[in-house]
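The values are calculated or read from the model by the stated rules, or taken from the named source; none is laboratory data. All of these numbers come straight from a predicted model, not from anything done at the bench. Please note: Cβ atoms are built from the backbone with ideal geometry, for glycine as well, and neighbour counts cover all protein chains shown. Remember, those area values only see protein heavy atoms, side chains included, never the ligands or the DNA or RNA. Shrake-Rupley method; radii C 1.70, N 1.55, O 1.52, S 1.80 Å.
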Amino acid sequence: MVLPMNRTYSTGLISINTLESMSNYYTSFFAPLIKDNDIFEPAFSTVINDLSCNKYKKTDVICLKPIEKNSSQWDSIVSILKLHNYTCEEYFCFGNWYQSVEGMEYIDYFNNLPSRLKNTIIRKTKKLNLRSNFNTKIYTQYEDIKKHYHEFEHVYENSWKNKEPYPEFIKRIALEFSKKSSTRLGILYIDNQPVAACLWFINNSVASIYKLAYIEEFKALSVGTILSAEITKYVINNDSITIIDYLTGDDPYKRDWMSTRRERWGIIAYNRKTLIGMILALRYIIVSKLKKLYNLRNNYFSHNN
């Protein structure tokens, strides 16, 4: 089993020894890596036992996120942590919208879209096709992506979106993945200028939608929607994918493109075998009970007024 984790020590009056998922702002899914799922429980139990009892690095808190909530792994992780004297705080991270396209051509996928979205794609595409200066490109090869990546950056910097916090991180991922033909960079041009851009990744028959942006002044032309439709058509018809994944967030537009939603959750596990872990566990239990009492009180008065 491989469990990528990062150990930190908080500074202050007390030092909390925390082990947390090696994940960051961009991480959409985290899970222990194991070749044989049949031995997941004993393997994970062995890891947690070592983390709990190692006299040199006894862990006070374990933080795992974002994990798929409705999965056998989630249930096993929680039960094993509790078995090893951890108190588990479970919390919602974000919704994840995705679409199964196994055995589909793009026309099959398109026909299942909401009528409003289909009409927008058809109408706006016809309108843009009347302009001789409109075209879209889906770049898949390293040299092309390296050459045109600055166009993606230009669109993103001039869109409505907040400034990218780690632009070099995203760029290096895009270029490294493109060496394995796993990056899909989509650009929509008007007058030979990039006005919409998107970044997708292909891995294990899954197409992950990572970034989409368009320049605000072209919003009325639905350039973001048209580009999304074009790259979706490309990956379904050319990349033998079975899933399209919108990764993180419950943005309303995502349910127009995807049919299924699942949730990613996190776990904060307090080790009751350490003094600090026990204090943090008691604080969590007390605060949880007070919140329940507060909610019960509010519900009682709201029903009786």
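Here are some notes:
- Contour excess over end-to-end distance, with Cα ends at R116 and I39 and 0.36 nm allotted per residue: 23.0 nm
- Between Y9 and N162, the simple spin-label model (points 7 angstrom out along Cα→Cβ) gives 3.2 nm.
- Alpha-carbon centroid distance for the pair segment 185-219 / segment 131-154, whole angstrom: 9 Å
- Gain upon complete extension [I243, S288; 0.36 nm per residue less C-alpha separation]: 12.4 nm
- In this rough spin-label picture, where each label sits 7 Å from Cα along the Cβ direction, the V47-T27 distance is 1.1 nm.
- Once each of the GluC sites (Glu not before Pro) sitting in a DSSP loop with at most 14 other beta-carbon atoms within 10 Å is removed, the chain keeps 106-305 as its longest stretch.
- The share of accessible area on segment 146-305 that comes from carbon and sulfur is 52 percent, using a 1.4 angstrom probe.
- Sulfur and carbon atoms: percent of accessible area, segment 1-117 [1.4 Å]: 52 percent
- FRET E, pair K179, D75, Förster distance 45 Å, beta-carbon r, rounded to 0.05: 0.75
- In this structure segment 85-139 gives 58 Å² per residue of accessible area when probed at 1.4 Å with all protein chains present.
- Förster radius 41 Å - calculated FRET efficiency between Y91 and R123, Cβ distance, rounded to 0.05: 0.45
- The Cα center of segment 17-46 and the Cα center of segment 234-305 differ in position by 18 Å.
- Given their separation in residues at 0.36 nm each and the Cα-Cα distance between them, R255 and K82 gain 58.7 nm when the chain is fully extended.
- For segment 147-305, the solvent-accessible area with a 1.4 angstrom probe is 55 square angstrom per residue.
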